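Reading through the structure tokens given below for one structure.
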Amino acid sequence: MKSGPTGRGPGKPSAPKSAKPASRGRSAGKSFPAAKEGKPGKSFGPKFGAKKPSAKAGPPRAGQDARAKSPARAAAPKAEKPAAAPKPAKVAGVTLDVRQFRVAADDDGIRLDRWFQRHLPDVGFNIVSRWARTGQLRVDGARAAPGDRLAEGQAIRVPPAEAKAPRPDKPARAKREITLSEDEIAFAQEMVIHRDEQAIVLNKPPGLATQGGTKTDAHVDGLLDALMYDSDQRPKLVHRLDKDTSGALLIARSARSAGYFAKAFSSRTARKVYWALVIGVPDVRDGMIDLPLAKQPGTGGEKMHVDEKEGLPARTRYRIIERAGNRAAWVELQPFSGRTHQLRVHMAAIGHPIVGDGKYGGKDAFLSGTISRKMHLHARRIRIDHPDGGKVDVKADLPPHFLESLNDMAFDLTLGDMPLEEEIDTTPTREDEKKFARQHAKAVRKERRGERRGRGTR
């Protein structure tokens, strides 16, 4: 028999090196040459893994074991998705987000640390200070310090709250209990001469202290519970009057108005007008007393005196309203500073102590006859800007002993309320304009006469 085109001889042909291997799985127990040259042949079968078949290979024949389809895939374990990172656990009462707050109208003007005390009491001062040092605490995007003052509408950026050790439960805060008697409540409310949402003005009688102290049980501060009315906040003192001084005393009805009024007093934009009856008559009808004051040594701070070297600046304006011969004068006093006993020390320093002020005027501070020996110093008027716009402008009536003294000396009570400088209308009247025109015409005629005399002498 002749050899065929393939060059195969008789008998069982052997596969050439370049021939493709037979289909896998056809004869499970036979060995096949390696698919690539240069590599030793391997034995393939159901017991051994095989390389992944080419994508061009056709589908497996019928009856072929499904495991032979991709032994490597069957042997390799299925890849698992990476586990998600665990989310931070939320602690009870703690937020993990930066917080934003808006400053309300009631918080206008308060310090940043006090804002935290009012709205976030769980955040202590040490935490607030640390946030400020590290730049985490910001107001309107800028770094802020605990002592910075806030303004209505500003945005406060507060870092996430920090977890705190659990504290034992505290009993609920009891509502403020008013322990005043009905007579004390009635007495306090009878003093009110002005009341609005932000302010109360009292007409304090002489002999009642503004605040408590040694051997002082009755005082205005102890009566403020009676002036809460429909508010849930206790009113607050923002200035004071001496125990023996009567008249207008301003009380703030909220924390916001207290801060506002305190700033007005410290910046001297508030105006206070006092009436006083003094011994003798000052030489200058409208004068300014500018004498520094300090605590007098050896008195425990209970008495002040003029101290040119170490005293603090103090200025008082006085105007004589009316005089009773050379015996006494009814004067108006306006303090431009707020030193202790300022009006009393200043009037005594210029030789005209206030009637009834034995502390600074000695025995010369009393008048004989029917004139009362009580202090004749009265806060007649207070005028201050209102937090909601406009002004608080209130006048307080005289106490009985002061009114009787003025009547006994036949003073004209209608002369008492003198206008403040800013209340005086400086707009020229028609008569003022005519007077100015006459003066101007006179000056022009005088200049012309001088020119004619000058030409005649040449």
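So here's what we get for this one:
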{"quantity": "Which numbered condition Val345 fails, given (1) surrounded by fewer than 16 Cβ atoms within 10 Å (Cβ to Cβ); (2) touching a Phe, Trp or Tyr at 6+ places or on another chain (Cβ under 7 Å)", "calculated": "(1)"}
{"quantity": "Those residues of region 136-156 which are in contact with a Leu (Cβ under 9 Å, 6 or more places away or on another chain), in a loop (DSSP other than H, G, I, E, B) and surrounded by 14 or more Cβ atoms within 10 Å (Cβ to Cβ), in sequence order", "calculated": "Leu137, Ala144, Ala145, Pro146, Asp148, Leu150"}
{"quantity": "Residue list for region 415-432, filter: of a type outside the set (Lys, Arg), open to solvent by 90 Å² or more (accessible area, probe 1.4 Å), in a helix (DSSP H, G or I) and more than 21 Å from Tyr318 (Cβ to Cβ)", "calculated": "Glu431"}
{"quantity": "Every pair of residues 6+ apart whose Cβ atoms lie under 6 Å, when the first sits in region 108-135 and is assigned to a helix (DSSP H, G or I) while the second is among the β-branched types (Val, Ile, Thr) and open to solvent by less than 90 Å² (accessible area, probe 1.4 Å)", "calculated": "Asp113/Val128; Phe116/Val123; Phe116/Val128"}
{"quantity": "Ala252 being at pLDDT 95 or above and closer than 21 Å to Arg380 by Cα", "calculated": "yes"}
{"quantity": "Given (1) closer than 19 Å to Ser246 by Cα; (2) in contact with a Ser or Thr (Cβ under 6 Å, 6 or more places away or on another chain), index of the condition Asp408 fails", "calculated": "(1)"}
{"quantity": "All positions within region 378-405 that are closer than 30 Å to Gly109 by Cα and either among the aromatic types (Phe, Trp, Tyr) or in contact with a Ser or Thr (Cβ under 8 Å, 6 or more places away or on another chain) (or both)", "calculated": "Ala379, Ile384, Asp385, Pro387, Ala396"}
{"quantity": "Residues that are of a type outside the set (A, V, I, L, M) and in contact with a Pro (Cβ under 8 Å, 6 or more places away or on another chain), drawn from region 363-414", "calculated": "Asp364, Lys374, His378, Pro399, His401"}
{"quantity": "Members of region 292-315 that are over 17 Å from Ile350 (Cα atoms) and not in a loop (DSSP other than H, G, I, E, B)", "calculated": "Lys295, Leu312"}
{"quantity": "Residue list for region 222-237, filter: under 24 Å from the mean Cα position of the chain (by Cα) and among the hydrophobic types (A, V, I, L, M, F, W, C)", "calculated": "Leu224, Met228, Leu237"}
{"quantity": "Residue selected from region 372-414 under the condition in contact (Cβ under 8 Å) with a residue 60 or more places away in the chain, of a type in the set (A, V, I, L, M, F, W, C) and over 30 Å from Ser267 (Cα atoms), by the criterion surrounded by the most Cβ atoms within 10 Å (Cβ to Cβ)", "calculated": "Phe402"}
{"quantity": "Flag for Leu277 being under 36 Å from the mean Cα position of the chain (by Cα) and at pLDDT 95 or above", "calculated": "no"}
{"quantity": "Output for region 312-363, where each listed residue is touching a residue at least 60 places away in the same chain (Cβ under 8 Å) and of a type in the set (A, V, I, L, M, F, W, C)", "calculated": "Ile321, Ala324, Ala328, Trp330, Leu333, Phe336, Leu343, Met347, Ala349, Ile350, Ile354, Val355"}
{"quantity": "Any hit, region 240-255, residues being out of contact with any strand residue (DSSP E or B) (no Cβ under 9 Å at 6 or more places or on another chain) and of a type outside the set (Ser, Thr, Tyr)", "calculated": "no"}
{"quantity": "Strands (runs of 3 or more DSSP E) fully within region 316-396 counting 3 or more residues that are hydrophobic (A, V, I, L, M, F, W, C)", "calculated": "328-335, 377-385"}
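Matching residues to (1) modelled with pLDDT under 50; (2) within 21 Å of Glu152 (Cβ to Cβ):
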{"site": "Ala92", "(1), (2)": "yes, no"}
{"site": "Arg102", "(1), (2)": "no, yes"}
{"site": "Leu112", "(1), (2)": "no, yes"}
{"site": "Pro121", "(1), (2)": "no, no"}
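So that you can scan it fast, the table gives a plain yes or no per residue for (1) farther than 27 Å from Lys204 by Cβ; (2) of a type in the set (Gly, Ala, Ser); (3) in contact with a Ser or Thr (Cβ under 6 Å, 6 or more places away or on another chain):
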residue: Arg271; (1), (2), (3): no, no, no
residue: Gly280; (1), (2), (3): yes, yes, no
residue: Asp286; (1), (2), (3): yes, no, no
residue: Gly298; (1), (2), (3): yes, yes, no
residue: Gly301; (1), (2), (3): no, yes, no
residue: Lys309; (1), (2), (3): yes, no, no
residue: Ala324; (1), (2), (3): no, yes, no
residue: Ala328; (1), (2), (3): no, yes, no
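Conditions tested, residue by residue: (1) buried (at least 21 other Cβ atoms within 10 Å of the Cβ); (2) in contact with a Lys or Arg (Cβ under 6 Å, 6 or more places away or on another chain); (3) under 22 Å from Glu421 (Cα atoms).
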| position | (1), (2), (3) |
| --- | --- |
| Asp230 | no, no, no |
| Thr245 | yes, no, no |
| Ser254 | no, no, no |
| Ala262 | no, no, no |
| Arg268 | no, no, yes |
| Val278 | yes, no, no |
| Asp283 | no, no, yes |
| Ala294 | no, no, no |
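The values are calculated or read from the model by the stated rules, or taken from the named source; none is laboratory data. The structure displayed is predicted, hence computed values, not measured ones. Note: ideal-geometry Cβ built from the backbone for every residue, glycine included; neighbour counts use all protein chains shown. The area values use the complete protein model at the heavy-atom level, side chains included, leaving out ligands, DNA and RNA. Shrake-Rupley method; radii C 1.70, N 1.55, O 1.52, S 1.80 Å.
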